[in-house]
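This report concerns only the one structure given below.
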Amino acid sequence: MKKIYTSFWFCLVFFSGIAQTLDWAYSLKSNTVQDQIYDISSNGTDRFAIFGLDTQNLDVINGSAEFNNSGKFLAVYNEKAEIQWKQSMYQLSLGIKMNSANEVFVTGSFGGTVDFDPSGNVFNLTGEGTNCFLQKFAADGTFLWAANAQTGGGGSEIEQLADGRIVISGRSDMAGNVTLSDNSTVDLPKGVFLLEFSADGKLQNAYSISVPDAAGYGYVYNLASDASNNIYICGTLDGVADFDLKAGLSNNSQTHAYDAFLAKYDSNFNLKWYKVFGDQNVSPFGWDKAHSMAVDPSGNLFVGGEFTWTTDFDPVANKGKTQLISDTRTQAPSGFIMQYASDGTLNWVKEIGAPNQDTGKFGENRVRGIQLQGNTLYAWIENTKYCDADPSEAEKIYTSTGASNLIFASYSVDGELQNSFMIDAALNYTISAGIEMLGNDSFVTSGTFQKETDFDPTPETMLLKTNPAGAFYWADLDTYMAKYNFGTPTKTQNFALVEEIQVFPNPFQSEIRIKSVIGKSVRHIRLFSVDGKLTFEAYNPNNQVSVLNLKSGIYIYELVFDDNSVAYGKIVKQ
């Protein structure tokens, strides 16, 4: 929620409500216990793909038997959740990517000889040890081709560059030689690898962010690119790493256990810059991660992730000036969002965490995914217990009851909260595999839930349930997919000025009454202090709410009606 100005007239002119709505939510019900969604990707407008595991009927609209599936699957849907096609997948697939032409790429790992054509034809690939593979499907689901590289580990992230090349990244725990499509070889050391494929699947080169220590560890969480074919990578790192993919050296200093990292390379994989940041705690150590990235047309890079203890986010250029503090008692992580200029200058970093550890309001918060659309940054936050989704002085605090819950939020490109809502798993947990944009202000998410979850952020209910009669109901997991719309600013009016709505008595003591003569029902009421802090809210107030614990003073009320119009006014508590 943006901070409300103390001037009531400013509130009328500049503040408008944004209504979040659930377009649809479905469960991919099955009779097995440990269902899973591994990844989700979209074309940005009207198609999305999910990749998951276990026996499902993937036609969530009609239940057609032709879309039954056993084992791992790849399925593509339109924006109405109508299935377009599905394929049974190889067991160790890990990541997917859909491009604007609705083609889908899949990556993962395999060893020995595997047929990658699920249609019944044969397309065998053979690899010694652990190989990374790349698989491509046409927009109608037809298998096109597959390729592989002997990397000593599987691919997990895919990005297609503007010029059509495909980049895959993953983790390798052993050094080895990679044979390229021209039969030349590349020495690939232990670490995080990047593979460069041509648009038609020819392996052109292999690179590594080497982590030579036997106990060292590197993991990649996300790849991104921009219109100039610059490549961005982020993840977590333990030890010393060489971020220069070519012959040069660009070693970071020894990390304190697991630190977050990100790096930028040009279209020829030359290092532009890299960043490593994390807490300095030695025992117990923290685990800092950069989970997700998005790039705007000017080359500004947005990053979301999690950190522990006290973390300096710019320890080289501005040591000690960009520190954020997470929970110093229980090692619970806080989330962060940040922005870098194209040259690697840190523009800002902001915390999304528990509101106040000194009052016992602890919580685990991780920014697991971000998407950028126009001037809006969308974030998916994994939360337990308490979360303040507003990085500014104003507070937007969520209190959850589930073991793991989902908070979705939109921010300006300056990191100011615009809107947010929570899906509370109610004593259980709900986990998302990611968010992907589907048109303006709309996004789709898919993941796993336990027992039951209400996916509707409004007072209405969209309850998805696992099978309560199942033998392992206490541990049963089902998969879901849901589409939300943050919406555009609703029509905001001050109805009180035209005497179409009355909020009284004013001043009030313990009760507020609402009278409307325009045929609208009040769906939601909120009261804000004059410095913008939310002090009270209630749903479906039935034209009368009891407000007992507010301090005396001036408040701004916000009324959201059933047609999503919004009214504001001032009211005084005696």
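Calculated translational diffusion coefficient of region 120-251 (4 °C, 1.567 mPa s; Stokes-Einstein with Kirkwood radius over alpha-carbon pairs) equals 85 µm²/s. Per-residue extension of 0.36 nm, minus the Cα-Cα distance of Asn124 and Ser412, leaves a gain of 98.9 nm for this segment.
Summing Lys, Arg as +1 and Asp, Glu as -1, what charge do residues with Cβ under 12 Å from the Cβ of Gln34 carry, Gln34 excluded? Summing Lys and Arg as +1 and Asp and Glu as -1 gives -4. Cross-link pairs exceeding 32 Å between alpha carbons, from the set Lys86/Lys350; Lys350/Lys465; Lys275/Lys533; Lys319/Lys361: Lys86/Lys350; Lys350/Lys465; Lys275/Lys533.
Using heavy atoms of the protein chains and a probe of 1.4 Å, the accessible area assigned to Lys573 is about 20 Å². Each residue of region 72-89 was assigned a 3J(HN,Hα) from its phi angle through the Karplus expression (A = 6.51, B = -1.76, C = 1.60, θ = phi - 60°), giving 6, 9, 10, 9, 10, 10, 8, 5, 9, 6, 7, 5, 9, 6, 9, 9, 6, 10 Hz with x at Gly and Pro.
Here the accessible area of the chain is 46 percent carbon and sulfur, with a 1.4 angstrom probe and all protein chains present.
Normalised by 2.2 N^0.38 Å, with N the number of residues, the alpha-carbon radius of gyration of region 238-392 equals 1.05. For Ser208, nonlocal amide neighbours, meaning residues 5 or more places apart or on other chains whose placed amide H falls under 5 Å from its own, are Leu194. The phi-based Karplus calculation (6.51 cos²θ - 1.76 cosθ + 1.60; θ = phi - 60°) puts the 3J(HN,Hα) values of region 41-56 at 8, 9, 8, x, 10, 9, 9, 8, 10, 10, 10, x, 9, 3, 5, 9 Hz, whole numbers, x for Gly and Pro.
For the chain, DSSP calls about 95 percent of its internal beta bridges antiparallel. Rounded if a/c is under 1.5, else prolate if a/b is larger than b/c, else oblate: which is region 245-294, with a ≥ b ≥ c the root eigenvalues of its Cα gyration tensor? Oblate is the answer for region 245-294, as a/c is 1.5 or above yet b/c matches or exceeds a/b.
Sorted largest first by accessible area at a 1.4 angstrom probe radius, with every protein chain in place, the residues Ser267, Ser42 fall in the order Ser267, Ser42. Apply the a/c threshold of 1.5 to the C-alpha gyration tensor of region 332-463 and tell me whether it is rounded, prolate or oblate. Judged from the Cα gyration tensor, region 332-463 comes out oblate (a/c at least 1.5, b/c at or above a/b).
Assign one of three labels to region 297-385, namely rounded, prolate or oblate, based on the Cα gyration tensor with a ≥ b ≥ c the square roots of its eigenvalues; rounded applies when a/c is under 1.5, prolate when it is not and a/b is larger than b/c, and oblate otherwise. Oblate. Each of the peptides 97-109, 338-350 was scored by the mean count of other Cβ atoms within 10 Å over its residues; in descending order, highest first, they stand as 97-109, 338-350. Based on the Stokes-Einstein relation at 10 °C and a viscosity of 1.306 mPa s, and on the Kirkwood radius from alpha carbon pairs, the chain is assigned a translational diffusion coefficient of 63 µm²/s. Measuring with a 1.4 angstrom probe and ignoring ligands and nucleic acids, Glu416 comes out at about 70 Å² accessible. Shown in residue order for region 522-528 are the 3J(HN,Hα) couplings computed by the Karplus curve 6.51 cos²θ - 1.76 cosθ + 1.60 at θ = phi - 60°: 7, 8, 7, 10, 9, 10, 10 Hz (x for Gly and Pro). Cβ-Cβ distance of Asn485 and Leu550, R₀ of 22 Å, FRET efficiency by 1/(1 + (r/R0)^6): the value works out to about 0.10. Per-residue accessible area (protein heavy atoms, 1.4 Å probe) orders Thr461, Thr236 as Thr461, Thr236, starting from the largest.
The values are calculated or read from the model by the stated rules, or taken from the named source; none is laboratory data. Keep in mind that what you see is a predicted model, and the values were worked out from it rather than measured. All Cβ positions, glycine included, derive from the backbone under ideal geometry; neighbour counts span all protein chains shown. The accessibility values were calculated without ligands, DNA or RNA, using every heavy atom of the protein model including side chains. Shrake-Rupley method; radii C 1.70, N 1.55, O 1.52, S 1.80 Å.
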